[in-house]
Amino acid sequence: MNGQPLDGFVEGFIEQDANGRITQWSDESERLFGWTAAQAVGRRSHVLMPERNRERHDQTIASFLAAPTRRIQRMEVTALHRDGQEFRAEFYSSIEDREGAAVITTVVRAVTPDARAEAAFRQSARYRGILNQIEDGCSLVDLRGTYLFVNDAFCRMFGLARSGIIGQNYRVWQDPTRQAETFEKFNRVFTTGQPAKAWEWPLSPTQFIEQSISLERDAEGQPVGFVSIYRDCTARKFAETELARAKEAAESANQAKGEFLANMSHEIRTPMNGIIGMTTLALDTALTPQQTDYLQTIRSQADSLLVVVNDILDFSKIESRRIELEQVTFSLRDVIADVAKPHAMRAREKGIGFSSDVAADAPALIVGDPVRVKQVLTNLLSNAIKFTAQGAVTMTVGIDGRGPFTTTLHIRITDTGIGIPTHKLTAIFDPFRQVDGSTTRRFGGTGLGLAISATLVELMRGLIWAESDLGAGSTFHVIVSFGVARADATGDPHHLEPFSAPLQRGCRVLVAEDNIVNQRVAEGLLTRRGHRVTVVNNGREAVAAVQQGPFDLVLMDVQMPEMDGIEATAAIRAWERDTGHRVRIVAMTAHAMTGDRDRCLEAGMDGYLSKPIDQQSLFAAVEQ
Ligand code: ADP
């Protein structure tokens, strides 16, 4: 047969007895199998099969005869022509009882490739020649899925011989999953007329094929078959996996870097707390003028170092998006005054002017994150002063717009300093960017301040930008909307307002802290302020001390050996449920990461101080 289509439609007719011996043989059977009736009758019907399948054929007949319901059975098999050629054929068999003996009647039909599809395809021999040159595999099947053509690349790709595949149904070499998938695609392409776009399937665990299918039509436009194109996409697939893996590695490295930065700056902040606290205490003792000078220098150097460390911590938090803004009610004028005060001093020391002004019609109380607002403004003001040698720095707060529940503020910080070249006006908001490398040496700084400010303003859904005249000065603009609070609104109960009015003195304070330096700093500062301080080393001791009490306040370190601050707070709160007492507990933590605050409040703490603890917020927490 050689894969050549038969001209016309041939159906053979065969009868055989219960022993599988041929009893009837039609002319059509002769045309199909090459045996004459005289030659065929009396032979076992398994001669119509290739040698290798004969045993199976005999078994099939036996089980067919034994089957309780002898319905018509259809089989598609590889049949054998007398001349040795194999071909695909369909057998439809049924059993009849004739005078007490079983007779098997079979109609045989050759499964022939669709002549029309073949003809349509054959119209272009050149087309086939070209297809044999290309790298991609290509096949044509008729509408029944019988291969009419495969190109060389197809045979190479799948390791199949052309002679073995032509005339066969695609099912013969596909596993059931692939068969179902291919059938589904053929069906869709046939019903929609649209090609099936390239999809991938694994040929083996290490080889991937991308296949697309389109409908083949004859000259009249009638669908006659399907053309498939196959591409080995293994390399691309592996490159993709590699890329994904590399991306994942880079991301986790980046995260590790962020965590390292956060941990490092936390580790540095803890001893810094000790240095600054102890220096402050030492400055309060009897000193020679020279000693005072030395200690003041230490203090100011330590303060500067803390700014850098805080910048790095903030930056790593911001970069890993582990920062959350608070929403508390605060006084706009107080915050502006707080920010302005140290800068006014700094400007005076430098011999330049300083002024700050809040528009008269600005609301008194607004809702937002005062700490982060201060951080942005502090950063802009310290830059303005840093880069200005003569003239003045001004901060103005104006109203940009009002809504029913919001006010939009426009804050301008203007200086008469060195200015910024126009082409650098955007880049300065990128991390680690300074106008020129020499800036660092001349003026110091990490280049992180503006990047942090820009991200914070972005988190507040605001805008920040700069204008500048090189050599004449710069103006930094910030526009942010805030909620407007009623004048009698109380703030967030957990927010520690900056301490200003004289508050309660002589409080009984329990400090639970394992670090000796921190213990002494807290004890020193609070005692000097007139409070009575008891120090314990861990959570367990803290619980015991509270039970013996009484205390007005517990300053609870979060990370402590034996029992941490969170557990200790939970134990204290549980004990209080039976006694009716309630002591205020304020967390102290160097963690300063998003989520810490929530954990502390969840455990039943009333407030939260982040380390290093600055005097003002410490006193505010105690004396509130
Ligand atoms: P740092 O000040 O720590 O270097 P910043 O991110 O705050 O980092 O600022 C980045 C750079 O932008 C500065 O190094 C400086 O070159 C420039 N810059 C910022 N503010 C001003 C200003 N007011 N006048 C002139 N240059 C400025």
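Since every read-out is calculated from the coordinates, none of them should be taken as a lab result. Worth saying up front: this structure is predicted, and the values here are computed from it rather than measured. Glycine gets a Cβ as well: all are built from the backbone with ideal geometry, and neighbour counts include every protein chain shown.
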Task: Rounded if a/c under 1.5, otherwise prolate or oblate - the range 506-572, Cα gyration tensor axes - done: oblate
Open item on the list: Please list, in order along the range 324-341, the HN-Hα scalar couplings obtained from phi with the Karplus expression 6.51 cos²θ - 1.76 cosθ + 1.60 (θ = phi - 60°), rounded to whole Hz, x for Gly and Pro.
Closed with: 10, 8, 8, 10, 10, 7, 8, 8, 4, 5, 4, 5, 5, 5, 4, 6, 5, 3
Open item on the list: Under a crude label model (7 Å from the Cα following the beta-carbon direction), how far is MET75 from THR36 in nanometres?
Closed with: 2.9
Task: Packing rank of 514-525, 157-168, where each peptide gets the mean count of other beta carbons within 10 Å, highest leading - done: 514-525, 157-168
Task: Computed FRET value (nearest 0.05) for TYR294 with LYS341, which takes r as the C-beta separation and R₀ as 30 Å - done: 0.70
Task: Violating pairs (Cα-Cα greater than 20 angstrom) within the set LYS257/LYS317; LYS374/LYS424; LYS341/LYS611; LYS386/LYS424; LYS197/LYS237; LYS350/LYS386 - done: LYS374/LYS424; LYS341/LYS611
TODO: Quickly work out the GLU349-to-GLN85 label distance, labels modelled 7 Å from Cα along the C-beta direction, and quote it in nm with one decimal.
DONE: 10.4
- [ ] For a quick protection proxy, order the peptides 535-548, 37-50, 364-377 by their average other-Cβ count within 10 Å, most packed first.
- [x] 364-377, 535-548, 37-50
Task: Sites GLU576 and GLU184 - FRET efficiency at Förster radius 60 Å, r taken between beta-carbons, to 0.05 - done: 0.35
Task: Dipole of the range 5-110, positive end: most advanced residue of VAL107, ALA62, SER29 [Cβ charges, Cα centre] - done: ALA62
Task: Cβ-Cβ FRET estimate between THR527 and GLU251, R0 fixed at 51 Å, reported to 0.05 - done: 0.55
- [ ] Calculate the length of the line joining the C-alpha centroid of the range 512-573 to that of the range 152-169, in whole Å.
- [x] 82
Task: Residues MET345, MET278, MET588, MET605 arranged by fewest to most Cβ contacts within 10 Å - done: MET345, MET278, MET605, MET588
- [ ] Report, in debye and to the nearest 20, how large the dipole of the range 274-353 comes out about its Cα centre when Lys and Arg carry +1 and Asp and Glu carry -1 on their Cβ.
- [x] 180
TODO: Could you check the simple spin-label distance between GLU99 and ARG54, using points 7 Å along Cα→Cβ, in nm with one decimal?
DONE: 3.0
Task: nm² value of the averaged projected area, convex hull over the Cα atoms of the chain - done: 50.7
Task: the range 293-356-the range 22-74 distance, computed between alpha-carbon centres (Å) - done: 98
Task: Fewest-first sequence of VAL150, VAL309 by Cβ atoms within 10 Å of each Cβ - done: VAL309, VAL150
Task: Degrees between helix 289-319 axis and first principal axis of the chain (Cα, 0 to 90, nearest 10) - done: 20
TODO: Please get the size of the charge dipole for the chain, origin at its Cα centre, with Cβ charges of +1 on Lys and Arg and -1 on Asp and Glu, quoted in debye to the nearest 20.
DONE: 620
Open item on the list: Quick check on the exposure proxy: order ASP557, ASP311, ASP303 from fewest to most C-beta atoms within 10 angstrom.
Closed with: ASP303, ASP311, ASP557
- [ ] Give a residue-ordered list of calculated ³J(HN,Hα) values for the range 400-417 (Karplus: 6.51 cos²θ - 1.76 cosθ + 1.60, θ = phi - 60°; whole Hz; x for Gly, Pro).
- [x] 9, x, 10, x, x, 10, 9, 10, 9, 9, 10, 9, 10, 10, 10, 10, 10, x
Task: Signed unit charges on C-beta, dipole axis of the range 264-411, positive-most listed residue LEU409, ALA347, VAL307 - done: ALA347
- [ ] Round to the nearest 10 and give me the degree value, 0 to 90, for the angle of helix 54-66's Cα axis relative to the longest principal axis of the chain.
- [x] 90
Open item on the list: Using the Cα centre of the range 230-310 as the reference point, and only Cβ charges (+1 on K/R, -1 on D/E), how large is the resulting charge dipole? Debye, rounded to the nearest 20.
Closed with: 360
Task: Karplus-derived 3J(HN,Hα), 6.51/-1.76/1.60, for each residue of the range 80-93, Hz, glycine and proline x - done: 10, 7, 4, 7, x, 6, 9, 8, 8, 9, 9, 10, 10, 10
- [ ] Compute the acute angle (0 to 90°) between the alpha-carbon long axis of helix 449-459 and the principal axis of greatest extent of the alpha-carbon atoms of the chain; round to the nearest 10°.
- [x] 60
